[in-house]
Amino acid sequence: MKEDTPIIELKGVGEKTRQLFEKAGIKTVGDLLAHFPRDYEIYQEPVSVAEACPGQVCAIRVFITGILSQKKIRNLSILTVSAADQTGAIQLTFFNMPFMKKVLKPGSPYLLRGTVQTRGAAKAMEQPRLFSEEEYAKRSDKLLPVYSLTKGLTNQAVQKAVSKALSLYEFDEEYYPDYMLNAYELISRREAVSGIHFPVNWDMLRSARKRLVFDEFFAFLFFLRKNKEFLKELPNRHVMFETADTVRFLERVPFELTKAQKKVWREIREDLSGPFCMNRLIQGDVGSGKTILAVLALLMCAANGYQGALMAPTEVLAMQHYETIQEYIQRYEAAFRPVLLVGSMTVREKKAAYEKIASGEANLIIGTHALIQEKVIYSSLALVVTDEQHRFGVRHRERLAEKGKEPHILVMSATPIPRTLAIILYGDLNISVVDELPANRLPIKSCVVNTSYRPRAYAFIAKEVERGKQAYVICPMVEEGEGDSGDMENVVSYAEKLKAALPNSVQVACLHGKMRPSEKNRIMEEFAARNIDVLVSTTVIEVGINVPNATVMMVENSERFGLAQLHQLRGRVGRGDSQSYCIFISAKENKETMERLEILNKSNDGFFIASQDLKIRGPGDLFGIRQSGEFAFRAGDIYADASVLKQASEAVDELMNRDPSLSHAEHRALREQMSKDSVNGVDFRSI
């Protein structure tokens, strides 16, 4: 079997299963083998209730002592059962599983597995899984892969399909030369793919991950180094000079730029008026004032008679940018003639926009990926600004840049990447850092708590809503059944639980990446318009919308996320004048987890938090922590795998010095591999 073999050709995969796999984005055998486990479970020997530690996933043997209650609130059925062994009692809660009342007989023994929680002084388990002794024994003391799933697709089905695929898959020859394998202690690709899915021990898993992570980083950095259009210094074809427009604008706005903003604005002016084309990245925390710098650059562009383009990752954000610009025109007489261009516009609206762009009537074009479609012809595109650059790839930047004659490129990112890593990852850009927040920003008050705090958190959210404010709740999964372990909250079920827990007057809605773009936009717009009080979402809101009225961010299973991503999520609140709050709820209460999360309590500085993340997280700590999301790597995490990123960078540099065209015989297989579109199922050119 080869990479492009359809999934249905695997024995045991029928038409119905094929559809479920496709829903999860798996169409070929290559897709399946690149669908790496998101976690691993070890089914350890069951413990007594007394030994069961809060925050830990464990198995217990207990007797059912009674059915405490069975109730239905709106669409949610809640069954509460009491159980005990000789060492103590524990409360079991099952959601939307009313049949468990008939399954669990008082006085009978059961083997259950789940996350232990605390309810005051008592211990509890929510949604534990029931096992027979034989079933549990089969799983004992093995590293069992847990996959991201879709509704109807089981973990066992994926395991079986992967096992079958591995036995039939024809791996290509090893493409790294021996000197590279030895220098960086890399196992073969075949061993790595087998080891990531079915590791016999932790050492094998670490070696497998290292190889797969190295592959992704190497391919991405190789492409960056070869991407000559963005690496070489291009002559400035659009020389600009500062006019009175930007000076007047800064005099009229009701605030003064911070020292950090002034420094970066000076660097931008020097780039635009200098001998070479600008290729600059502005890094800064959420709320540090990157957008105003982009506006100043676009205003300088417009004042010099050129067109500028601002590309955002979502339609809602593009629309918000457009509304902000309109406000600047009305309030401060900014010399913009803007046009909006997004996918949801009608054919007539798009046609009108195309005409304004082609004629030069519009000197500022704001939109999403619609800006780089073939139909868009620019009159004099001289500056391209991309917001949240990691959501667009080098290829997207390249396509937009091709719309003009080598326009200036300005990239904005709220991702707090330490400078040592940023230099590697953004090798084609000069880096500016806005490391200072405006003086009027109130620091967000944060707390790290366990699951027993939920009732108080719900009461606090209800109180904020009563004051006219709004809240976000973040869950790591979209729907029940995405993973086999019952310790992770999902958006769909959680929204129902929250509706049951909050007053009827509180409007709760959910948002996740599996929704249609139009539905996502509708919900984001409703939330921005204050028609939704509480938005339960996945991290899709990370680059979503600006809602100054939102004052509470609650993150469930916060132990599953990287610190830098949690900090970015926290940045969704604290955008208005009111005091804002962030509640990080951890299902695990062990010392290491709580100490890691406590870093968020100590600082609101994204770069400090990112550097701490680098210090405390190594590859051995990654398993079970969701990837940061800054880049679209499937195996790699730029924080946990910082050392591998540096190794891959060294390897690419050495290769470029030794054989830049990969023409030597020892690099033949590597040349063929680097000509492919993807590694681990990820098109690294799109990162």
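The values are calculated or read from the model by the stated rules, or taken from the named source; none is laboratory data. Here the structure is a predicted model, which is why all the values come from computation and not from measurement. Cβ: placed from backbone, ideal geometry, glycine included. Neighbour counts: every protein chain shown. These area figures cover heavy atoms from the full protein model, side chains too; ligands, DNA and RNA do not enter into them. Shrake-Rupley method; radii C 1.70, N 1.55, O 1.52, S 1.80 Å.
For the set Lys16/Lys138; Lys16/Lys676; Lys27/Lys210; Lys123/Lys591; Lys350/Lys403, the pairs lying more than 24 angstrom apart at their alpha carbons are Lys16/Lys138; Lys16/Lys676; Lys27/Lys210.
Measuring between their Cα centroids, the range 402-459 and the range 34-52 lie 34 Å from each other. A Förster radius of 25 Å combined with the Cβ-Cβ distance from Lys646 to Lys142 puts the calculated FRET efficiency at roughly 0.15.
The spread of Cα positions in the range 79-161, taken along each principal axis and listed from longest to shortest, comes to 42, 28, 27 Å.
Projection of the Cα convex hull of the range 470-609, averaged over all directions and equal to a quarter of that hull's surface, yields 8.9 nm². Extension gain, Arg516-Leu68: 0.36 nm per intervening residue step, less the Cα-Cα distance, totals 157.2 nm. Beta-bridge orientation, the chain: approximately 40 percent antiparallel, per DSSP, counting only bridges with both partners inside. Bridging of Lys405 to aspartates and glutamates at a Cα separation below 18 Å is possible for Glu229, Glu233, Asp271, Glu374, once same-chain residues fewer than 8 apart are set aside. Over all other residues within a Cβ to Cβ distance under 11 Å of Ile532, the charged ones net out to -1, with Lys and Arg as +1 and Asp and Glu as -1. Based on every Cα atom in the chain, Rg and the maximum pairwise Cα distance Dmax equal 26.7, 84 Å.
Solvent exposure of the chain, expressed per residue, is 42 Å² of accessible area, with all protein chains present and a 1.4 angstrom probe. Under a 5 Å amide H cut-off, with hydrogens placed 1.01 Å from N, Leu281 pairs with Val411, Asn430, Ile431, Ser432 among residues at least 5 apart or on other chains. Gain on full extension, evaluated as 0.36 nm per residue between Ala84 and Arg467 minus their Cα-Cα distance, stands at 133.6 nm. If the chain linking Glu672 and Glu242 were pulled fully straight, counting 0.36 nm for each residue of separation and taking away their Cα-Cα distance, it would gain 150.0 nm. When Arg248, Arg560 are compared by accessible area of protein heavy atoms, the largest-first order is Arg248, Arg560, using a 1.4 Å probe. Taking each of Lys160/Lys497; Lys11/Lys151; Lys101/Lys499 in turn, the alpha-carbon distance tops 26 angstrom for Lys160/Lys497. Residue ranges 155-163, 468-476, 497-505, 64-72 sort as 468-476, 155-163, 497-505, 64-72 when ordered by packing (mean number of other C-beta atoms within 10 Å per residue, highest first).
Using only alpha carbons, the range 416-480 has a radius of gyration to Kirkwood radius ratio (Rg to Rh) of 1.14.
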